[in-house]
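Read the figures in this text as sums done on the coordinates, not as results from a lab. From a predicted model like this one, the values you see are computed outputs, not experimental measurements. A quick note on method: Cβ atoms are made from the backbone with ideal geometry, for glycine too, and the neighbour counts reach across all protein chains shown.
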Amino acid sequence: MSRLYVGNLAHETTESQIRAAFSPHCQLSSVKIVADRRGRPKGFAYVDTGDPASVDAVIEALRGAQINGRTLDIVREDPRRGGRPGGRRR
């Protein structure tokens, strides 16, 4: 299983909209839209794919794709570097 970070999401973006964008390109295991303590979306999500080999193809296929008028920022999450996109640490 591979995980993708999906950023630059509009706050009104739903799980079903993300699934609709990704499902033609890969098999999805889960979609998690991250929210703050009050339950408000933070503008990013994590998408787990069932096929690690398809991750690069998904990123390429969705390059420049938009949901709710916002261009998606899709990055492969690297679990070896603390699980954060690009290995950023606090």
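Overview of values
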| quantity | calculated |
| --- | --- |
| Loop-located trypsin sites (Lys or Arg not before Pro) in the stretch 1-74, at most 11 other Cβ atoms within 10 Å (DSSP) | Arg37, Arg38, Arg63 |
| Whole-number percent relative contact order across the chain, with pairs defined as alpha carbons under 8 Å at least 6 apart | 37 percent |
| Dimensions (Å) - the stretch 2-79, Cα atoms, principal axes, largest first | 36, 26, 20 |
| In the stretch 1-61, the GluC sites (Glu not before Pro) that fall in loop regions by DSSP, at most 12 other Cβ within 10 Å | Glu12 |
| Helix-only mean residue ellipticity at 222 nm for the chain, each DSSP H run of n ≥ 4 adding -39500 (n - 2.57), per residue, nearest 500 | -4500 deg cm²/dmol |
